[in-house]
Amino acid sequence: MAGRIRNITVSEASRPILPRHAKLKFDQTRQVWVLLAPERVLAPDEIAVEVLRLCDGVRNVEQMVDHLAAKYTAERGAISADVVAMLQDLADKGFLTEAREKTS
Amino acid sequence: MSPTEANTNIAGVDPSDGLAVLEQRGSVAETFGIPLAVLAELTHRCPLQCPYCSNPVELERGGSELTTEEWKNVLTELAEIGVLQIHFSGGEPTARKDLVELVQHASDVGLYSNLITSAVLLTREKLSALADAGLCHVQISFQGNEPVLADRVAGFKGAHQKKIEVARWTRELDLPLTVNAVMHRQNLFQLPDIIQMALDMDADRLEVANVQYYGWALRNRAALMASVAQIEETSRIVEQAQARLKGTLEIDYVVPDYYALRPKKCMGGWGRQFFNISPAGKILPCHAAESITGLEFLSVRSNHSIAWIWQNSDAFNRYRGTGWMPEPCKSCEFREVDFGGCRCQAFALTGDAGNTDPACTLSPMHEQIFKLAEQEAAGGSNRFLYRNFAGGTLEMDGDNGA
């Protein structure tokens, strides 16, 4: 095994990051954000794009939730549940992994 | 990648999770928008001699290949017109000395790059350089799960062992790995072991592709054609493995269309969502398209842009959509489901690319083709005609990949 972390469990302490085979980019031609993966091109919706763009392997989920709760002046608990569920789903599909090295 | 499937699945992900399916936007299918992914056949040179090679029987010689600068210009142009992914294939793409430079250029212009390789020419150092250049995904072909049969099919001694080693390096470098297994009568019995091999290699994906019969494979059909019983068993094994390994190993399965009732939607329909570029720069609706005589394929060396060739050239428009169709396709309720099947197969088996693909039960030739396949599966010789630049070499007795 090459050390890839499969089937990660997302919590507020996780520091998710896109694995090297998943690339998020803005497609100028079609004017849409796309997530590029082996043999696949996906079009994440606005919320997924916003969350994915926060997944830099440095921020943890707690910080991401704080940021989104402040930005949308929404109740933190609800945002947390939604974000963790979305990230877990993306991780289960292989589009997120956990940062290798802890930054703290 | 599968020999004849459109290479980019627009993934079937449930839109409720925020990952909508791009093709459902309709733009690609309805306006012949620029494909999301393009296959670049960098060279037809290859150390392997697989009898089902998807390259044309008339291989393009090294001297006619696009130069490094020409390929770089092509990559830049592809990115500019909206292509998102580039599949570097061949022949054997690592036979090109400039592959790292081309992968780097693909990264520089924002293309997601995929390497489709036999792996036998790779060193760890080369693979590492490719990873550093931004390579996103590696696909390695396997001819079996053990060296005796695998090396014999490849016509290359030591191939299997080398592939195993390169697969390990691939994962050590944290590159995602797809195992491509082309299946036929002589190796189908190994399928369960091939699935286990892919698991042991920590592969992310496995493509189980039954041979599609054009070009070299058509010449070797009697040696490769599986029986109906074998195919049924294969489908059962794949379905069970898909269920068992969900979330661990993704398995894509390409069924052989000789035994199907409906033809495949080849390349997603002619000129609808895919093109490939031959070593000499010809823009083709599929990698077997040159087997159809009477079509003129324009090159990137012509004075036309790639987008112009895609949208306007006669070769792309000849079988695009449904207007070209004769009966029984013309009035068929499935005409926009399968677009009449495969033009190359129609040409190879009926002599006219404009006919209904004989894989379809509605084709007047279907019954005859099906019977022939059954006969060949039951009584064909196992001897291969190996693929090479000399028009093929017949396997010798006792040959095991020398």
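Okay, here's what the table says:
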quantity	calculated
Ranked packing of B:343-353, A:56-66, most packed first, by mean Cβ within 10 Å	B:343-353, A:56-66
Zero-based 20 Å bins, Cα pair distances in the protein assembly as shown, whole percents	22, 57, 20, 1
Simple spin-label estimate for A:Tyr72 and B:Gln375 in nanometres, 7 Å along Cα-Cβ	6.6
Fluctuation leader among B:Ile237, B:Ile306, B:Ile34 - chain B, Gaussian network, Cα springs under 10 angstrom	B:Ile237
Peptide A:30-38 - average C-beta neighbours from other chains (10 Å radius)	6
Expected 222 nm ellipticity per residue - DSSP helices of 4 or more, -39500 (n - 2.57), all of the protein assembly as shown, to 500	-9500 deg cm²/dmol
Fully extended contour minus Cα-Cα distance, from B:Glu333 to B:Arg124, at 0.36 nm per residue	70.0 nm
Antiparallel bridge percentage (DSSP; both residues within the protein assembly as shown; nearest 5)	35
Computed FRET value (nearest 0.05) for A:Gln28 with B:Arg61, which takes r as the C-beta separation and R₀ as 25 Å	0.10
Peptide A:18-26, shielding by other chains (average Cβ, 10 Å cutoff)	4
Kirkwood estimate for segment B:151-218, i.e. one over the average of 1/r between Cα atoms, Å	13.1
Protection-proxy order for peptides B:290-299, B:222-231, each taking the mean of Cβ atoms within 10 Å per residue, highest first	B:222-231, B:290-299
Average partner coverage of A:84-90, which counts Cβ from other chains inside 10 Å	2
Mean Cα-pair separation over length for chain B, i.e. relative contact order, pairs under 8 Å, 6 or more apart, %	19
Computed over segment B:207-336: relative contact order in percent, which uses C-alpha pairs under 8 Å that are six or more apart	18
Estimated dipole of segment B:130-263 in Debye, rounded to 20 [Cβ of Lys and Arg +1, of Asp and Glu -1, Cα centre]	500
Euclidean distance of C-alpha centroids, segment A:27-73 and segment B:140-178, integer Å	36
Principal axes of segment A:16-96: Cα extent on each, largest first, Å	37, 25, 20
Most mobile of B:Arg171, B:Arg272, B:Arg152 in a GNM of chain B (Cα contacts under 10 Å)	B:Arg171
About the Cα centre, charge dipole magnitude for the protein assembly as shown (Lys/Arg +1, Asp/Glu -1 at Cβ), debye	560
For segment B:41-122, with +1 on Lys and Arg beta carbons and -1 on Asp and Glu, the positive-most of B:Tyr52, B:Ala95, B:Ile81 along the dipole	B:Tyr52
Percent RCO, i.e. relative contact order, over segment A:16-96, from Cα pairs under 8 Å lying at least 6 residues apart	29
Cα lying deepest toward the dipole's positive end in chain B, options B:Gly33, B:Asn187, B:Phe274, charges on Cβ	B:Asn187
Peptides B:320-330, A:44-54, B:253-263 ordered by average Cβ neighbours within 10 Å, highest first	B:253-263, A:44-54, B:320-330
Förster radius 51 Å - calculated FRET efficiency between B:Ala390 and A:Glu46, Cβ distance, rounded to 0.05	0.35
Label-point gap, in nm, between B:Ser305 and B:Glu70 - each point 7 angstrom along Cα→Cβ	2.1
Label-point separation, B:Glu101 to B:Arg262 (7 Å along Cα→Cβ), nm	4.7
Segment B:Phe189-B:Glu172, extension gain: residue separation times 0.36 nm, minus the distance between their alpha carbons	3.1 nm
Charge dipole (debye, nearest 20) of segment A:16-96; +1 at Cβ of Lys and Arg, -1 at Cβ of Asp and Glu	340
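Since every read-out is calculated from the coordinates, none of them should be taken as a lab result. Every value quoted in this text rests on a predicted model; they were computed, and no experiment measured them. So basically every Cβ, Gly included, is an ideal-geometry build from the backbone, and we count neighbours across all protein chains shown.
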